[in-house]
Amino acid sequence: ITKYDQDCGPSGMVTKANLLNRCFQEDNIKAVILNIDSGGGEGEGMMVLQEALISKNKPVVAFVNGMAASAAYGISAACDKIIANNNMALVGSIGTYMTIADFREYYSRQGIKLQEIYATKSTDKNSEYKEAINGNPDPVRKMCDKFNESFIDSIKTNRSDINKDEKTWSTGKIFFADEAIDNGLIDGIDSFNNVLNYFNT
């Protein structure tokens, strides 16, 4: 899941949201199925597609074709139904993390000395990153916590049947499909062809 298109790679959620909105405007499209097999990705990308799904004017089903984890599950949760392809499908991983790379030692071994010079008034510029690479992850963790609460709230809003005991699903744990049903994370297990026939009435 990325917000923008990747060079020579998959399209991002901005492009997919535009396509989704075009589907909503077409009278000859009676429903939409999102065929999802993803371990997740960028939170901002997830929010772009969630926002597009808010304006849906026809049924939208998330079909979990193997995995819908993290940001991919956040998108799935904004659909009307979530159907997994089999019992081994993996669902959940509702949580947030950030990866920060510290290249200083690498550059030093290459004989490159980096100098960062900030404007006098830019005392907080990149402060969270600088704290993290100097051994204090708390400022970045605070950012993760804020995003994570928004993520969890979106799941609770979009999945009315979800287990009311938030601790059972909001810790980043991933579930097999039958466990996901028990926790209200998905609505059922079925084949893609059968899901297509949901709308042939």
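Scanning the range 171-190 for residues that are among the aromatic types (Phe, Trp, Tyr) and open to solvent by less than 10 Å² (accessible area, probe 1.4 Å) yields a count of 1.
Looking only at residues in the range 119-159 that are among the aliphatic types (A, V, I, L, M) and in contact with a helix residue (DSSP H, G or I) (Cβ under 9 Å, 6 or more places away or on another chain), the one that is nearest to LEU53 (Cα to Cα) is ILE155.
Table: residues versus (1) at pLDDT 95 or above; (2) farther than 30 Å from ASP182 by Cβ; (3) not acidic (Asp, Glu).
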position: GLY92; (1), (2), (3): yes, no, yes
position: GLY95; (1), (2), (3): yes, no, yes
position: ARG109; (1), (2), (3): yes, yes, yes
position: LEU114; (1), (2), (3): no, yes, yes
position: ALA119; (1), (2), (3): yes, yes, yes
position: GLU128; (1), (2), (3): yes, yes, no
position: ALA132; (1), (2), (3): yes, yes, yes
position: ASN136; (1), (2), (3): yes, yes, yes
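THR15 falls short on exactly one of the conditions (1) free of Cβ contacts under 8 Å to residues at least 40 places away in the same chain; (2) assigned to a strand (DSSP E or B); (3) open to solvent by 50 Å² or more (accessible area, probe 1.4 Å), and that condition is (2). Being closer than 17 Å to ASP190 by Cα, open to solvent by less than 90 Å² (accessible area, probe 1.4 Å), under 14 Å from the mean Cα position of the chain (by Cα) and not acidic (Asp, Glu) holds for only one residue in SER38, SER76, and it is SER76. Scanning the range 53-73 for residues that are closer than 15 Å to GLY92 by Cα and open to solvent by 20 Å² or more (accessible area, probe 1.4 Å) yields ASN65, GLY66, MET67, SER70. Against the test of being open to solvent by 10 Å² or more (accessible area, probe 1.4 Å), of a type in the set (S, T, N, Q) and over 20 Å from ASP161 (Cβ atoms), the options GLN25, GLN50 yield a single qualifying residue, GLN25. Within the range 135-170, if we keep just the residues that are assigned to a helix (DSSP H, G or I), more than 18 Å from ALA62 (Cβ to Cβ) and polar (S, T, N, Q), the residue that is most open to solvent (accessible area, probe 1.4 Å) turns out to be SER150.
Pairing residues of the range 47-75 that are under 22 Å from ASP27 (Cα atoms) with residues that are among the charged types (D, E, K, R), at Cβ distances under 6 Å and at least 6 apart in sequence or on separate chains, gives PRO59/ASP80; VAL60/ASP80; VAL61/LYS81.
The values are calculated or read from the model by the stated rules, or taken from the named source; none is laboratory data. All figures in this text were calculated on a predicted structure; none of them were measured in a lab. Don't worry about glycine lacking a Cβ; one is built from the backbone with ideal geometry, like all the others, and counts go over all protein chains shown. Ligands, DNA and RNA are stripped out before the accessible areas are found, and what is left, the full protein with its side chains, is counted by its heavy atoms. Shrake-Rupley method; radii C 1.70, N 1.55, O 1.52, S 1.80 Å.
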